[in-house]
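Asker: Below is one structure. I have some questions about it.
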Ligand code: AMP
């Protein structure tokens, strides 16, 4: 595996491969890699000839007062893990490389970026995500890019951007990888104190209880949300939001008639945690 820091060098490496008809896969990350990130690399490996994983803590998706400065950074450990998962190129640009002086373009994805995390973190958040993902896809000339279902709204925003802007890339969304107690893996889990870590598993338990209620015949969206809230409270968690929405449009759903996205966010100690289930009443 090669570590590359310059866009020009990445382009040279990728163009050489593409000229030989090879397929390029990209896994964009902010580093502090865990098994969730590695599952994306492992998924890309058999589907692509060249697998690029990027590590970039994107300042443009952090709001004032968020954890940009504290965000965990561990390039040496990340490199070892990325290599053992099968990546060919570790791309680690600086902020200056991604946003050179005079940089002034931003991609605003509109309605799917507005609710859920967009409402809490502000419109700059998903504009920052969309802009950096668009840049990384262009830098790597990716044929396929891999994202995690854990960041459900991010996946919807990226798919919408790619569709709206006719970007020549296929987007693959991969399942959420969890700790044994169900907590979704996240670089931010490292912030949790032991007591907070125990409470954090309540996110998964609340989603599981809601899923079971739907499996048991519950079809009323408000009652599913209410039950999820009660479960979170029972675990000492105060959600920022609990929303039942259409998985494609993120519009609120009143009745559970087809697959729905139940998404939650909660601040637990210093960590802002998100999780979601897609619940299908027909299964
Ligand atoms: P991040 O480094 O948190 O920006 O995440 C980089 C990519 O990894 C995103 O596409 C995330 O959705 C994905 N990801 C993060 N955590 C998980 C997880 N637990 N399971 C699967 N994918 C994940």
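Derivation of every value follows stated rules applied to the coordinates shown; laboratory data play no part. Since we're looking at a predicted model, the values are computed, not measured. All Cβ positions, even for glycine, are placed from backbone atoms using ideal geometry, and neighbour counts span all protein chains on display.
Asker: Expressed as a whole number of Å, what is the distance separating the alpha-carbon centroids of region 216-235 and region 109-179?
Answerer: 28 Å
Asker: What ratio of Cα Rg to 2.2 N^0.38 Å holds for region 92-184?
Answerer: Details: Rg = 14.3 Å, N = 93, 2.2 N^0.38 = 12.3 Å.
Against the empirical 2.2 N^0.38 Å value, I get 1.16 for region 92-184.
Asker: Return the inverse of the average 1/r over all pairs of distinct C-alpha atoms in region 158-283, which is the Kirkwood hydrodynamic radius, in Å to one decimal. Can you show the working numbers first?
Answerer: Details: mean 1/r = 0.0645 Å⁻¹.
Evaluated over region 158-283, this radius sits at 15.5 Å.
Asker: Please determine, in degrees from 0 to 90 and to the nearest 10, the orientation of helix 123-140 with respect to the longest principal axis defined by the Cα atoms of the chain, where the helix direction is its Cα long axis.
Answerer: So the inclination is approximately 40 degrees.
Asker: Per q in 0.11 Å⁻¹, report the Debye log10 I(q)/I(0) for the chain, using one uniform scatterer on each alpha carbon and no solvent.
Answerer: For the requested q values the scattering log ratios are -0.65.
Asker: How big is the Kirkwood radius of region 168-220, worked out from every pair of different alpha carbons and given in Å to one decimal?
Answerer: Numbers: mean 1/r = 0.0751 Å⁻¹.
With all distinct Cα pairs of region 168-220 included, I get 13.3 Å.
Asker: To the nearest 10 degrees, how steeply does helix 75-85 sit against the main Cα axis of the chain, on a 0 to 90 scale?
Answerer: 90 degrees
Asker: Taking Cα atoms, how many degrees apart are the long axis of helix 7-19 and the longest axis of the chain, rounded to 10 and kept between 0 and 90?
Answerer: It works out to around 80 degrees.
Asker: Note down, for region 221-275, the three equivalent ellipsoid semi-axes (square root of 5 times each alpha carbon gyration tensor eigenvalue), biggest first, whole angstrom.
Answerer: 22, 13, 7
Asker: So what is the calculated 222 nm ellipticity per residue for the chain, using -39500 (n - 2.57) for each DSSP H run with n of 4 or more, over all residues, to the nearest 500 deg cm²/dmol?
Answerer: Values: 10 runs with 113 residues, N = 283.
Helix-only estimate at 222 nm: -12000 deg cm²/dmol.
Asker: What Kirkwood hydrodynamic radius, in Å, does region 1-152 give when the mean of 1/r is taken over all pairs of distinct Cα atoms and then inverted? Don't jump to the answer; show the numbers that get you there.
Answerer: Numbers: mean 1/r = 0.0624 Å⁻¹.
This gives a value of 16.0 Å.
Asker: Taking the simple approach of a point 7 Å from Cα along Cα-to-Cβ for both residue 83 and residue 45, what is their distance in nm?
Answerer: Between residue 83 and residue 45, the simple spin-label model gives 1.5 nm.
Asker: I would also like to ask the following. Quick check: residue separation of residue 249 and residue 97 times 0.36 nm, minus the Cα distance between them. What number comes out in nm?
Answerer: Working: separation 152, 0.36 × 152 = 54.72 nm, distance 3.38 nm.
Length difference between fully extended and current span is 51.3 nm.
Asker: Next up: Note down the nm distance, to one decimal, between modelled labels 7 Å out along Cα→Cβ at residue 220 and at residue 64.
Answerer: About 4.3 nm separates the two model spin labels.
Asker: Quick check: from the Cα gyration tensor, does region 1-47 come out rounded (a/c under 1.5), prolate or oblate? Display every interim value, and only then the final one.
Answerer: Details: a/c = 3.15, a/b = 1.41, b/c = 2.23.
Because a/c hits 1.5 or more and a/b fails to exceed b/c, region 1-47 counts as oblate.
Asker: By how many nm would the segment from residue 230 to residue 76 lengthen if fully extended, with 0.36 nm per residue of separation less the alpha-carbon distance? The partial results should precede the final answer.
Answerer: Working: separation 154, 0.36 × 154 = 55.44 nm, distance 4.20 nm.
Gain on extension, residue 230 to residue 76, equals 51.2 nm.
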